[in-house]
1. Please determine whether any residue of segment 78-98 is in contact with a strand residue (DSSP E or B) (Cβ under 7 Å, 6 or more places away or on another chain), outside any loop (DSSP other than H, G, I, E, B) and modelled with pLDDT under 80.
2. From the set of residues in segment 54-77 that are at pLDDT 75 or above and more than 26 Å from Ile29 (Cβ to Cβ), which is surrounded by the fewest Cβ atoms within 10 Å (Cβ to Cβ)?
3. What are the residues in segment 14-49 that are within 17 Å of the chain's Cα centre (by Cα) and β-branched (Val, Ile, Thr), if any?
4. Across segment 70-86, what is the number of residues that are within 9 Å of the chain's Cα centre (by Cα) and aliphatic (A, V, I, L, M)?
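The values are calculated or read from the model by the stated rules, or taken from the named source; none is laboratory data. Values in this document were obtained by computation on a predicted structure and should not be read as measured data. With ideal geometry, Cβ positions are generated from the backbone for all residues, glycine too; neighbour counts draw on all protein chains shown.
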Amino acid sequence: MLRGYTTSGEGAIWSRRMNRDWLAKRREIVSRGWLKGNGISVEAGSFGVLTMFIKQRFEEVLKRGPSVNSCLAIGGCNSHSAVANAVDAKKQVVMAYNTGGEFVGRQLIAI
């Protein structure tokens, strides 16, 4: 799968049988932005304005673990989950950044 990603990009992930079958049955969800990386900015009290994006790119999802020293980092107790989540079309990762562009947090969402 990783070799396919390096040569074919996101198509290698979305064309996997489990994803292809799931996406084919949910065309309306897909057309409304589930795979498009939509974002929104919100006022978040003492945090100020946060901008949140659904991260689509496989490597962006994976690199968040090491950059914040979380359990999803390579060698972390849940490093396997980072890969599993990144290749499952039913799951997306929402990343939040402050006005300075600094990473504030992430949340896994799923349908």
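1. As a first pass, look at segment 78-98 and keep what is in contact with a strand residue (DSSP E or B) (Cβ under 7 Å, 6 or more places away or on another chain): 85, 90-98.
Subset that is outside any loop (DSSP other than H, G, I, E, B): 85, 91-97.
With modelled with pLDDT under 80 added as a condition, the list becomes 85.
Yes, there is a match, as at least one residue in segment 78-98 is in contact with a strand residue (DSSP E or B) (Cβ under 7 Å, 6 or more places away or on another chain), outside any loop (DSSP other than H, G, I, E, B) and modelled with pLDDT under 80.
2. Gly75
3. Ile29, Val30, Ile40, listed by residue number.
4. Filtering segment 70-86 for residues within 9 Å of the chain's Cα centre (by Cα) gives 85-86.
From what's left, aliphatic (A, V, I, L, M): 86.
Residues flagged as within 9 Å of the chain's Cα centre (by Cα) and aliphatic (A, V, I, L, M) within segment 70-86 amount to 1.
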